């Protein structure tokens, strides 16, 4: 009796083990995303892309879209001569921009019946409908004015009100496009050539910002330019912060006129822009415009400095 029960139990356990082993062998293995393998490399649509083995010369494959390495080489050759060297180190960023355009065009063509329209006209028509409801309220304008009053050259709110309104609406348009493109990227898998991505990650992350983010310190980065009045007003503040926190704070200034691609990678559309990172290199906060030292001190205190 005991032997019979033991035998049945042994057979059941054996079958369970065999089934588990077989399931483990056949279960699909999760592929890590670009963001998981190379944190900080992607800035938008390619964060969730999957590095896999692709045929030689093919660097991106998505639903109905393929991008060859030669396509990027041609884009670099056609770029502004002053940008070419920086682009060569940022081919991943260039691919991210080009693939975003291609995905947006693909989606726009699906919803635009006009077969004679150019690619640019198709995209503009598609986005026009999405932009239609965007507005900037008087309260948003007032808040922006108060936060950037030192940059207004003493002009009253009523004088700059419509200029600020246009600026805020433009910002909302850019945010809408970025968010929409990221949604398109998540909807269908995007595959990247894993060998190519590995090579590009070494080149792309070799810059002052990414090096600072791996320093283990709290970081404040000022993206600006010389000759920009509010940017120049920030320089004494940056120097003061360096003296106050020589060991625990990394303060960095990036001239976006000299490093245009780096500024674009970090989404800098207006200057000056202050971006704060925690000790793990994760962005915590960003501010646009002149930023008084007292307000910066308050923000750094919130971050534990």
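The values are calculated or read from the model by the stated rules, or taken from the named source; none is laboratory data. Remember, it's a predicted structure, so these values are computed and weren't measured experimentally. Cβ atoms come from the backbone with ideal geometry, glycine included; neighbour counts cover every protein chain shown.
Condition first: touching a strand residue (DSSP E or B) at 6+ places or on another chain (Cβ under 6 Å), closer than 24 Å to residue 178 by Cβ and modelled with pLDDT of 85 or more. Can you find one or more residues in region 101-109 that meet it?
yes
Could you tell me which residue of region 240-286 is surrounded by the fewest Cβ atoms within 10 Å (Cβ to Cβ), considering only residues that are part of a helix (DSSP H, G or I) and in contact with a strand residue (DSSP E or B) (Cβ under 7 Å, 6 or more places away or on another chain)?
The qualifying residue surrounded by the fewest Cβ atoms within 10 Å (Cβ to Cβ) is 242.
Which numbered condition in (1) closer than 18 Å to residue 203 by Cβ; (2) at pLDDT 90 or above is the only one that residue 43 fails?
(2)
Scan region 184-209 residue by residue and report those that are in contact with a strand residue (DSSP E or B) (Cβ under 8 Å, 6 or more places away or on another chain) and at pLDDT below 90.
Within region 184-209, 188, 189 qualify.
Residues checked against (1) part of a helix (DSSP H, G or I); (2) within 24 Å of the chain's Cα centre (by Cα); (3) assigned by TED's automatic domain parsing to the domain that holds residue 289:
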position	(1), (2), (3)
124	yes, yes, no
127	yes, yes, no
130	yes, yes, no
133	no, no, no
142	yes, no, no
145	yes, no, no
161	yes, no, no
167	yes, yes, no
171	yes, yes, no
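Which residue pairs have Cβ atoms closer than 8 Å, lie 6 or more positions apart in sequence or on different chains, and pair a first residue in region 159-179 that is more than 29 Å from residue 99 (Cβ to Cβ) with a second residue that is outside any helix (DSSP H, G or I)?
Hits for this filter: 160/152; 164/136; 165/136.
Taking the condition of being part of a loop (DSSP other than H, G, I, E, B), touching a helix residue (DSSP H, G or I) at 6+ places or on another chain (Cβ under 9 Å) and surrounded by fewer than 16 Cβ atoms within 10 Å (Cβ to Cβ), how many residues in region 189-239 meet it?
The total comes to 2.
With (1) assigned to a helix (DSSP H, G or I); (2) in contact (Cβ under 8 Å) with a residue 24 or more places away in the chain as the list, and residue 110 as the residue in question, which single condition is left unmet?
(2)
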